[in-house]
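Presented below is the structure to which this report refers.
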Amino acid sequence: MKWRGRRGSSNIEDRRGGKRAAGGIGIGAIVLMIASVFFPQYVPLLQMVGVGGGGSSQSSYAPGTGVDDDHKKFLEVVLADTEEVWGEIFRQSGVRYQEPVLVIFSGRTTSPCGPASTGSGPFYCPADKKIYIDPGFYDVMDRKLGAPGDFAQAYVVAHEVAHHVQNLEGTIPKVDKYRRTASKQESNQATVRLELQADCYSGVWTNKIQQRKKVLEEGDLEEALNAAFQIGDDTLQGRNGGHINPASFTHGTSQQRVNWFFKGLKAGNINVCDTFTQAYNAL
């Protein structure tokens, strides 16, 4: 991805810098417990990369002393690209786009939706309309999930920004309301549709930013499609020889995630991303 030397967003909150602190019990499980009580709409978003692991020590940093490095610059540029694309899409509908803030942290931090850690992965918190990312997670993507590459990383940002768009559109609140009275299986299916729409929106963003700035390099699309594939529910469940249980899926199969990203990429139009009335496994 051609990102160096391009404009970066100022909507970055850098919480890195300070002293290390030892990790404790599995932070992902704590996140889910707190979120399920106070912010139920947050739970499905946390599960993008399989929350629940992580008892090892992580770096914990005090806010306020950010590091001006490649990770930060890269995230600034990608976030700026999302602001440009979604700003224009919202303007075409006569609505002002409310830009989200992206929080960069190292090891762990706090949010209104609960604590966050490297192990919990990037997430969007509807309560404060912020995206939380530890750049160290990109090493996890590379070494553990088999999803290397800078555009795979950009896809992750685009996916979380897509959740912000869904929140502004009122989709997340509607899904949350539905899930409160739905059966477990119906709730999971609604969450799958929410996640697949975010994948489709990510594809639309990719189409738009490529048309505008020609940022894609050879292999970039393959990186994004591979990342979508590697975080499919069936692939995550089966990676370590686990039982694949479709009834428990909350994000969709690998093929569904790839299909919907490609659908948005091909059309470049959010109107094709209605996963709630379309068969969500279709191209």
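Some observations on this one:
- When you work out D = kT/(6 pi eta Rh) for segment 141-283 at 25 °C and 0.890 mPa s, using the Kirkwood radius from C-alpha pairs as Rh and the Stokes-Einstein form, the result is 160 µm²/s.
- Neighbour counts of C-beta atoms inside 10 Å place Phe105, Phe261 in the sequence Phe105, Phe261, starting with the fewest.
- Where the alpha-carbon atoms of segment 163-221 are placed on the principal axes, they occupy 45, 23, 10 Å, in descending order.
- Shape of segment 196-251, Cα gyration tensor, a/c cut at 1.5: oblate
- Across Lys73/Lys213; Lys174/Lys213; Lys72/Lys129; Lys129/Lys266; Lys214/Lys266, pairs whose alpha-carbon gap is larger than 23 Å: Lys174/Lys213; Lys129/Lys266
- Sequentially through segment 195-200, phi angles give Karplus couplings (6.51, -1.76, 1.60; θ = phi - 60°) of 5, 5, 5, 5, 5, 5 Hz, Gly and Pro residues having no value and appearing as x.
- Those GluC sites (Glu not before Pro) in segment 218-274 that DSSP places in a loop and that have at most 13 other beta carbons within 10 Å: Glu218
- Averaging 1/r over each pair of different alpha-carbon atoms in segment 104-181 and inverting the result gives 13.5 Å, the Kirkwood hydrodynamic radius.
- Placing a pseudo-label 7 Å from each Cα along the Cα-to-Cβ vector at Thr277 and Arg91 gives an inter-label distance of 2.8 nm.
No value in this document is a laboratory result; all are computed from the given coordinates. Note that the structure is a prediction, hence the values are computed from the model and not measured. Here the Cβ is made from the backbone with ideal geometry for all residues, glycine too, and neighbour counts use every protein chain on show.
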